[in-house]
Amino acid sequence: MSEKRLKRKKLKENLFNKRRLIILNEDTFEETFSLKLTMMNVFVVASIGAIILISITTLIIAFTPLREFIPGYSSSKLKKDATVLALKSDSLTLALKKNEAYIQSIQKVLNGELEYAKFNKDSIMASTEEVVPHGKLTPSEEELELRKEVDKEVKKDKKSNKK
């Protein structure tokens, strides 16, 4: 136990003993700068400096275009281009489906499978549109109970705000 106490006491003395940092002119040995320091002051200043340096580096990388050089991050221009191309490909796919349906109908007319009088471009285009099925639109019992609770809370809030 006493050895541990002695080591702690010696460490504490080393951390808080004052030392002097002196900068001398080598030619004249004139004292240019002098500063009294402790090991604890040096440690605290170095730690704070490291934290500030890391923070500034992180902020620079996060909020400037430098992040595009890090693997895994894509450029904002690339993201915009990908979105535009995805929209164009969707619209082109839809136009292709409509054209294919129209050409098939024309082929039927030319082959004699369908009479020209029954051939209508609008009905062909309408048949190619995809109908999105609607899900179950009636609320469940739990949802109705939740709505009632929310209505009660809103009424309570309105009453308390009026007072």
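Things to note:
- Placed amide H near Leu37: partners under 5 Å, 5+ positions off or other chain: Arg19, Arg20, Leu21
- Calculated P(r) of the range 2-69 - Cα pairs past 13 Å, %: 77 percent
Every number in this text was worked out from the coordinates using simple rules, so none of it is lab data. This one's a predicted model, so the numbers in the text were calculated from it and none came from an experiment.
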